[in-house]
There are 2 protein chains.
Amino acid sequence: MIHPVLLCGGSGTRLWPLSRKSYPKQFARLMGDESLFQASARRLSGEGFAAPLIVTGDPFRFIVTEQLAQTRQAPQGILIEPEGRNTAPAVLAAALWLAESDEDALMLVAPSDHVIPDAAAFRAAATAATPRAKAGDLVTFGITPDRAETGYGYLELAKGADAAADTPQSLARFVEKPDEARAREMVADGNFLWNAGIFLFTAGAVLDAYRAHAPAMLDAVGRALQGASCDLGFTRLDAGPWVEAEDTSIDYAIMEKADNLAVMPYAAGWSDLGGWDAVWMESGPDDQGNVCSDHATAISCEDTLLRSETPGLELVGIGLKDMIAIAMNDAVLVAHKSQAQRVKEAVTALKARGASQAVQLPRDYRPWGWYESLAIGGRFQVKRIVVNPGAALSLQSHHHRSEHWIVVEGTARVTVGDEVKLLTENQSVYIPLGAVHRMENPGKLPMVLIEVQTGSYLGEDDIIRYEDVYARD
Amino acid sequence: MIHPVLLCGGSGTRLWPLSRKSYPKQFARLMGDESLFQASARRLSGEGFAAPLIVTGDPFRFIVTEQLAQTRQAPQGILIEPEGRNTAPAVLAAALWLAESDEDALMLVAPSDHVIPDAAAFRAAATAATPRAKAGDLVTFGITPDRAETGYGYLELAKGADAAADTPQSLARFVEKPDEARAREMVADGNFLWNAGIFLFTAGAVLDAYRAHAPAMLDAVGRALQGASCDLGFTRLDAGPWVEAEDTSIDYAIMEKADNLAVMPYAAGWSDLGGWDAVWMESGPDDQGNVCSDHATAISCEDTLLRSETPGLELVGIGLKDMIAIAMNDAVLVAHKSQAQRVKEAVTALKARGASQAVQLPRDYRPWGWYESLAIGGRFQVKRIVVNPGAALSLQSHHHRSEHWIVVEGTARVTVGDEVKLLTENQSVYIPLGAVHRMENPGKLPMVLIEVQTGSYLGEDDIIRYEDVYARD
């Protein structure tokens, strides 16, 4: 039995505007109908795989549960990092969590924002690596390089090893991100593989390595897990000891120091989608080299990526060569493909002038569902609010605004003052300024409600919460 | 006294997505805070100018009145073309209309979608051309060329004429759009000016020319004006005779045949904004050659036009050279500047697959104001509706939908069945399916209302009109 450990606390900016701090890359539908996270969970499921253990950040916990529910998967646990501290503490927390029930538990640690098109081949590789991991070695997956990439670290195999084998091979050493000349040498040499950050080991073996090479981290993360609080199925690590753990990668913390390492070669396709150029490449360009989403039209374009990411938004490119255009209804990126790695500069520029698009999607995900603003005026705002089945917003009131609620899908249970009533499609209720109120979805389908606010101040912080099932202030 | 005749019935596609069939270029804010039409009307106003006579199409009549009201101008008349038939019938209708009160009325005929930055210089040129026009000549304005443009026709001055004079000169002949070699020759020669389609003549003089060179058109348009109906200040030409008039330009119909022609040279700046490349050029590129609107950010770009045309939509360009990106929340255009003339292909492509963005803006202008859809679901739609002061929607009912109305700005007078009531900000009303209802703005400020529709069919054609001040079915 292999326990998938999916790391999804990261929040990169290289795929802005689709990936934002509030809704990062792993949760976006970058390839096909599933998010990268959903595809990762599905890839590591089926015979021989336990339910996944998720390590993520507090802002993403309800995105995780909602996305797993959509694909009808249930996690064995969700560990909440009080803050992101790179992969070393995250993997350690997962190992400690699994070791509580089984020291010999086999862990397959994987980022959840990579693309691995051939799921069956990947599962076969994981299975082939199992004996070596069970024997106590730390197995890292090495990707057969198809170009002299300077953006990845490399794994140098031991003399006599076979980089094309379908069984784990011995590792000589880790090689940090090279310059282009060195990358070309390594690819030509043939004895080097890309370091994909995917690992297979037993909880006991990796804990031994932390004990030997990162004892302070073992101590801190151990206390963060002992002090963890559990609510709604989440295991919230204790922030006090957690922040004592060094902010570093598992490679630096233990892999580069351990001597019981092996490499499982993998040649069936992999990408970390580290930029829009990679998305273009992995999406299968057509005969002209173009990749167009629905609602994107290329006229006399070559080697160009055109993506419309908002329903009903038409994107047209004319006479483009080696270009990237990503269109959303609140933000549009147009970049030369050779400059794809500079997208983070766009985020920095927008942050500098206070544009919320730098970090936030128009849709705001909450424990109970999500909302988005449809229109904002001087003294009014219109929102679409979607409440998940069984979910409830907090009991609250506002000092500066009144609200009109109109249910347009599903059924709402609405509290206003002392009164509680059920509203269904096409029914409405008025919440006067100052009235204590709550919205719940008692049904089995999502409930959609249009909220029209009027008042002199419409900020999200004009809220007094009286009761909240999600324990927010 | 000069009577400005502003032609604004055209609907080009070269500035899509900002300019669409439903809201063409002349009404868009392409340069500064006014539309090109508003700027044209303002340019031809003040001492020596009568109120403008407008010639436009039926779909644009309320855009015309609203835009003139915004700039506090009143037209002397608005002629409605039953369909667009190019400039010859339009100018003829205006001449006949003016001649009814004064055969000697001086007409300054101008397209309303051009940019002429120096309004005072243009008025001075018009004044300088007046004596020659009063003497019975047809004066056409000739623009001093600053490049070998192949997109315009040229005017060849008579031998001995002075292309830099500030008085009308004699014309040798019209020259059709040239190839590039010929364009370069003409610009080098110095005796050629661009034909801008701007004319000054008396109504009587131009009617004589029509009588001599286009008698059938004079007859047809004469009957179209005699049969015109007048409502709400619009003069609707009679469609039957109107469509008998040849669909052609005034240049072809009379100017190229007349012998009483003169040219008024004009050197103080002019552009027909015939494409996004021209918009870029006329907008005053910065030191890097870039033109960026509000909410547009250029990172390492050169000679690039970036325009965000929707409030709250951020556009970022990275590493672009000679590019154009126009972002709206329902359509985005990205084109190489050298391909700017191919924008109409985008419109054709979108039309082919039935995308409404090809021809319609999200905002739909109506006689009483405008509306836009904020959200559409399976069985609901949310609209923002803005009703002008004093305006009223038709008395109507629907078979398939109920409506919730919430007033968020201003005051509404609402009829539902037999009841009439006033609603102000933060008040709402429910319109049950089948109920006869009407919305009016009795106030002095625009009234803004959020409408939430629910029902099985939400098309605009589910409407039964009982009474309509705008005489619609």
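Since every read-out is calculated from the coordinates, none of them should be taken as a lab result. This structure is a prediction, so every number in the text was calculated from the model and none was measured. Neighbour counts are summed over all protein chains in view; Cβ atoms, including those assigned to glycine, are modelled from backbone coordinates with ideal geometry.
Numbers below:
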item	result
Length-normalised contact order of region A:363-467 in % [C-alpha pairs under 8 Å, at least 6 apart]	36 percent
Under-5 Å amide H pairs with B:ARG401, H placed in peptide plane, nonlocal only	B:GLY434
Cα convex hull volume per residue for chain A (Å³)	161 Å³
Alpha-carbon Rg with Dmax, taken over region A:2-266, Å	17.7, 52
P(r) weight above 22 Å for region B:276-352, C-alpha pairs, percent	19 percent
Pairwise label distance in nanometres, A:ALA181 with A:ILE376, each label 7 Å out on the Cα-Cβ vector	5.2 nm
With at most 14 neighbouring Cβ atoms within 10 Å, loop trypsin sites (Lys or Arg not before Pro) (DSSP) excluded, longest segment of chain A	A:160-256
Backbone HN-Hα couplings from phi across region A:420-425 [Karplus 6.51/-1.76/1.60, Hz, Gly and Pro as x]	10, 9, 9, 10, 10, 2
Proxy reagent accessibility, fewest Cβ within 10 Å first, across B:VAL139, B:VAL347, A:VAL420, A:VAL109	A:VAL420, B:VAL347, A:VAL109, B:VAL139
Residue-span extension gain [A:ALA268 to A:THR127] - 0.36 nm each, minus C-alpha spacing	49.3 nm
Residue list for region A:352-372, given a label point 7 angstrom along the Cα-to-Cβ vector of A:ASP468 and an amide N cut-off under 12 Å	A:366-368
Percent of C-alpha pairs per 5 Å bin, region B:198-243, short to long	6, 22, 20, 20, 21, 11, 1, 0
Label-point separation, B:ALA435 to B:ALA74 (7 Å along Cα→Cβ), nm	3.9 nm
Mean Cα-pair separation over length for region A:283-352, i.e. relative contact order, pairs under 8 Å, 6 or more apart, %	21 percent
Whole-number D in µm²/s for the protein assembly as shown (Stokes-Einstein; Kirkwood sum over Cα pairs; 20 °C, 1.002 mPa s)	66 µm²/s
Computed helical MRE - 222 nm, chain B, DSSP H runs ≥ 4 contributing -39500 (n - 2.57), nearest 500	-6500 deg cm²/dmol
Between region B:382-448 and region A:74-126, the Cα center-to-center distance that results, in Å	57 Å
Cβ neighbours within 10 Å from other chains - mean over A:318-329	6
Cα Rg, Dmax, region A:363-467, angstrom units	12.6, 37
About the Cα centre, charge dipole magnitude for region B:102-147 (Lys/Arg +1, Asp/Glu -1 at Cβ), debye	200 debye
Surrounding net charge for A:ALA205, when Lys and Arg each add one and Asp and Glu each subtract one, Cβ distance under 13 Å	-3
Sum of side-chain charges, B:ASP294 neighbourhood, beta-carbon under 13 Å (Lys, Arg +1; Asp, Glu -1)	0
Reachable lysines from B:LYS134, criterion Cα separation under 27 angstrom, eight or more residues apart if same chain	B:LYS159, B:LYS257
